[in-house]
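Here, each number is a calculation from the coordinates, and none is a lab measurement. The shown structure was predicted, so the numbers you read here are calculated from the model rather than taken from an experiment. Every residue, glycine among them, receives a Cβ derived from its backbone with ideal geometry; neighbour counts consider all protein chains shown.
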Amino acid sequence: MQAFQLVAHGKPGSFELREAADPTPGAGEAVIEVRACGLNHLDLWAEEGGLPVSIPLPRTLGGEVAGRVAAVGEGVVEWKPGDRVAVQSNLFCGECEYCRRGDQSMCLRPKMLGVECDGGFADKVCVPQRALVRLPAEVDFQTSAALTLAGSTAMHMLTNRASVRPGDWALVIGASSGVGSAAIQIARQLGARVIATASSEPKQALARRLGAEFVVDANGAQWPAEVRQLTGKRGVDLVIEHVGGDVLLKAFECLARGGTVVTCGATAGRGATLNLWPFFVRQHRLVGSYSRNAADVRATLEWAATGRLQPVIHAVYPLEETAQGFAALRARTVLGKVLVLPGSPE
Ligand SMILES: [Zn+2]
């Protein structure tokens, strides 16, 4: 099979399209023929060597996999070749305290697909069967690959780590990202009035199309004041944040009394100094959110099947052009998701 592998870290890193041995499923594992694989910021960090785990090279990146079961290992009875599946990218142990209660996002022995083991920028990938989720008939491979990781991250933030009540004001940071584009739709479906930040006219138009009532220019220094203005100086009940650094601090300026900032990323910086006085006087909450539970992946795909959640696909690339997808994501001009499609079109 062919695999698009990272052979040297860098910004950009070096990749090679290589002939690799077909994976053989071990006990409890399944080999998936990859039909589409989404690109995420995590892949850029892995490319740059910017993750707190060391990645032995060469490595096939790619965690947002949709495809068909090609082969199953010993003891796998629930799945058979041909089944259409999505893969939950935070490979969880299934046995620890957290996994047993359904909080796979808190697994004590997690493995990131496409980082700590070979991922989906290849014709085939081997994963534990417990990471498989059946694709509803209405959901095609590209939709799945555009929503399974980023969309379920947003689903986890909005329905598990924080909550939205009808009529709440919700602010979504970075409307055009995978998480942001899903978060706008989910918050809106849950009855929130949505304000989004976006840094260009096309990104602002996308935010409106997805259901944001107001969009503020993320490049303007005054966007927190604009958000307060839009809410009659009250502020928002919830901020969905994934940028980090100073943006996280600005998110608190937008928050109503008793409001919550839920954050799942730090692409703009992993450090921030929070002024604790307004934080406790206004009784704010800061909630961390990481990856997703199996229930979030299932909910995301069900929402996609019923049309409540639409994928936003910016571009698709054949496997041999995967590096171009990385470059597009790094250039920050992407609206929604970049997908890689191994194999020939089905
Ligand atoms: Zn576990």
- the range 226-343: helices (runs of 4 or more DSSP H) wholly inside it with 1 or more residues that are surrounded by 20 or more Cβ atoms within 10 Å (Cβ to Cβ) and either aromatic (Phe, Trp, Tyr) or out of contact with any Asp or Glu (no Cβ under 7 Å at 6 or more places or on another chain) (or both) are 245-253, 294-305, 322-330
- What residue, of Ala145, Ala150, is in contact with a Cys (Cβ under 7 Å, 6 or more places away or on another chain) and hydrophobic (A, V, I, L, M, F, W, C)? Ala145
- Considering only the range 183-197, state which residues are of a type outside the set (A, V, I, L, M) and either assigned to a helix (DSSP H, G or I) or in contact with a helix residue (DSSP H, G or I) (Cβ under 9 Å, 6 or more places away or on another chain) (or both). Gln185, Arg188, Gln189, Arg193, Thr197
- Say we look at the range 56-84 and pick out the residues that are surrounded by fewer than 17 Cβ atoms within 10 Å (Cβ to Cβ) and acidic (Asp, Glu); which of these is farthest from the ligand (Cβ to nearest atom)? Glu74
- Message: Can you find a residue that is away from the ligand (no atom under 16 Å from the Cβ), at negative phi, of a type in the set (A, V, I, L, M, F, W, C) and not in a strand (DSSP E or B) anywhere in the range 22-42?
- Response: yes
- Query: Filtering the range 144-172 down to residues that are buried (at least 24 other Cβ atoms within 10 Å of the Cβ) and hydroxyl-bearing (Ser, Thr, Tyr), which residue is farthest from Cys99 (Cα to Cα)?
  - Reply: Ser144
- Within the range 198-205, is there a residue that is assigned to a loop (DSSP other than H, G, I, E, B), closer than 20 Å to Lys337 by Cα and under 14 Å from the mean Cα position of the chain (by Cα)? no
- Message: Step by step: first the residues of the range 85-139, then only those that are aliphatic (A, V, I, L, M) and near the ligand (Cβ under 9 Å from one of its atoms), then the one that is nearest to the chain's Cα centre (by Cα). Which residue is that?
- Response: Met106
